[in-house]
Amino acid sequence: MTVLTILAVLLASIRITLWTTVRRWVRGPRLPAWSWAYEVVVGILRWGARRNSPRMVGQLRRVPPMPLVSVLRRHVQLEEGELAGRPVLTVQPHAWQPSDPTVLYFHGGGYVTCSPGTHRALLARIALAGGARCVALDYRLAPEDPYPAALEDALAACRALRDQGVAPGQLILGGDSAGGGLSMAVLLRLRELGEALPAGAVLLSPWVDLSHQGDSIESCAETDYLGRDVLEYYARQYVDEDRARDPMVSPVFADLEGLCPLLVQAGGAEVLRDQVRRLTERAEAAGVDTRLEIYPDMVHVWHVLSPLCPEGQTAIRRIGEFVAEVCD
């Protein structure tokens, strides 16, 4: 980030902190479950997400890897490597053994931003909750590499782990936002090709409809930090508009029969809430073991704010329980 960008973020953060403090003193929290710190951070995220999208993408791509707080670093080890020709970040508890679960994780960022490095803390918390090794793939990003580049990379990584000896019964696919949609696309492609499915998939606020249907796109626009304009910009970078309903792009339109168990989590105050509900309804109708958890008042991928809200800690604990349950 440039000095001017850092200064702009700092000034905006001060302004938002002051405004939030005064507003809460006069009117109370915007939503009942929001602490003061949570509301401030959501406000800062909202400020960043609603800025000029091309400029925002450029700035986000220059964000350095997030450092781990000491309490997490003491319990996990991080290793950078390569899988199927793409960089990966592996985060695993010190006690992890090859017979323990492996989570192949796909980060969010609208298919155009972020990296495994930006998700280090979340990966560490998932790894500790599930006693699992998290292998986070640095898949190719749009617009330089639009669809199907990310899906090709994700599928290749899944096969590479299998070739390394990770049994399907010990493998979990996981991802947040775009990474959740990518996880679903990998499951669909594996099923289509007749290849073994993993033991389960964990989808955190998954972006599964790039045609932007659902009332929550509008009704939650004043609470979530994402908005229709941001989603539309990201979608246009990833895929042509006439392919927005392709099941491999928007899995909510897919035939979901025969998929592995799914744990799907969404926030009650996030713009993607309704499309997540539609996905799980279709999965249940197709006979898929589906666990939908809607956390009231939470915004998009609130898991990254888990130090600020008990709902984030609960959601991550539930991920760990799911991993332990579905893996052999």
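The values are calculated or read from the model by the stated rules, or taken from the named source; none is laboratory data. This is a predicted model, so every value here is computed, not measured. Don't worry about glycine lacking a Cβ; one is built from the backbone with ideal geometry, like all the others, and counts go over all protein chains shown.
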The stretch 294-328 - residue that is over 18 Å from THR223 (Cα atoms) and β-branched (Val, Ile, Thr) and, of those, surrounded by the most Cβ atoms within 10 Å (Cβ to Cβ): VAL323
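Mind checking which strands (runs of 3 or more DSSP E) fall wholly inside the stretch 65-133 and carry at least 2 residues that are modelled with pLDDT of 95 or more and either touching an Asp or Glu at 6+ places or on another chain (Cβ under 6 Å) or not assigned by TED's automatic domain parsing to the domain that holds GLY200 (or both)? Quick ask: steps written out before the conclusion?
Numbers: elements: 76-83, 86-93, 102-106.
Here the list reads 86-93.
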Residue match in the stretch 86-98 (condition: exposed (fewer than 13 other Cβ atoms within 10 Å of the Cβ) and either free of Cβ contacts under 8 Å to residues at least 24 places away in the same chain or of a type in the set (Val, Ile, Thr) (or both)): yes
Count of residues meeting criterion [under 16 Å from SER177 (Cβ atoms) and in a loop (DSSP other than H, G, I, E, B)] in the stretch 290-328: 4
Matching option when the condition is more than 19 Å from the chain's Cα centre (by Cα), in a helix (DSSP H, G or I), surrounded by fewer than 22 Cβ atoms within 10 Å (Cβ to Cβ) and in the same structural domain as ARG120 (by TED's automatic domain parsing), among LEU190, LEU197: LEU190
CYS134 being in contact with a Phe, Trp or Tyr (Cβ under 6 Å, 6 or more places away or on another chain) and either surrounded by fewer than 22 Cβ atoms within 10 Å (Cβ to Cβ) or more than 25 Å from VAL230 (Cβ to Cβ) (or both): yes
Search result, residues across the stretch 122-143 that are within 17 Å of ARG318 (Cα to Cα) and of a type in the set (Gly, Ala, Ser): ALA124, ALA127, ALA129, GLY130, GLY131, ALA132
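Does the stretch 42-56 include one or more residues that are among the polar types (S, T, N, Q) and outside any loop (DSSP other than H, G, I, E, B)?
Initially, the stretch 42-56 is screened for residues among the polar types (S, T, N, Q), giving 52-53.
Now restrict to residues that are outside any loop (DSSP other than H, G, I, E, B): 53.
For the stretch 42-56, residues among the polar types (S, T, N, Q) and outside any loop (DSSP other than H, G, I, E, B): present.
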